[in-house]
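The values are calculated or read from the model by the stated rules, or taken from the named source; none is laboratory data. It should be emphasised that the depicted structure is a prediction, and the values quoted were computed from it without experimental measurement. When the accessible area is computed, the model is the full protein with side chains, heavy atoms only, and any ligands, DNA or RNA have been set aside. Shrake-Rupley method; radii C 1.70, N 1.55, O 1.52, S 1.80 Å.
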Amino acid sequence: MPTQSERRRAAIAHVASIPGMAIGLGFVGPLIALRVLTRGSTFVRTHAVAAVNFNLTVGLVGLAGLIGAASLSRVGDDGGPDWAAGATVVLVVLLTVGWFLLTVRAAMAARYGEAYRYPVAAPFLRV
């Protein structure tokens with residue numbers, strides 16, 4: 001069972017992504033937490049690595065979606081609806097809401113001393 005300090009540090013590793021996500025760099029906070037907060041604790045390291053991997057995955061998916069939508073947007077205006085702009089808005093809203101809910105769920109699991117695995121995360125870093 002992890003100590004209260006370990007549980008708190010693991011939760012911080014997840015929540016640290018929130019300020020960075022405002023500018024699209026949500027992985028920076030968990031990466032700093034991975035470097036500073038682990039102090040030999042495998043519980044904290046596991047949660048910090050999971051947070052970094054998830055936030056890198058979400059950032060890359062969002063970037064790919066924006067690039068794809070920009071490439072599909074029309075250069076000329078013939079008066080019709082621009083479906084790529086609407087698709088981009090839907091993508092950004094769904095991605096942001098899903099990211100936030102999963103981040104909060106992971107922080108809560110860490111706070112209760114539970115292991116948590118994000119449903120979608122590419123394994124950029126290993127524990």
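Observations on the structure shown:
- Average accessible surface for the range 1-60: 49 Å² per residue, computed with a 1.4 Å probe over protein heavy atoms with every protein chain in place.
- The range 2-13 - phi-based ³J(HN,Hα) in whole Hz, Karplus 6.51/-1.76/1.60, Gly and Pro as x: x, 6, 4, 5, 5, 5, 5, 5, 5, 5, 4, 4
- The chain, accessible surface, carbon-and-sulfur percent (1.4 angstrom probe): 69
- Crossing angle, helix 28-37 versus the chain [Cα axis fit, 0-90 degrees, rounded to tens]: 10
- Residue-by-residue Karplus 3J(HN,Hα) for the range 44-59, coefficients 6.51, -1.76, 1.60, Hz, glycine and proline x: 5, 4, 4, 5, 5, 5, 4, 5, 4, 4, 5, 5, 5, 4, 5, x
- Here, the chain yields an orientationally averaged convex hull projection of 8.1 nm² when only Cα atoms define the hull.
- In sequence order, the range 93-110 has phi-based couplings of 5, 5, 5, 5, 5, x, 4, 5, 5, 5, 5, 5, 4, 5, 5, 5, 4, 5 Hz under the Karplus curve 6.51 cos²θ - 1.76 cosθ + 1.60, θ = phi - 60°, and Gly or Pro positions carry x.
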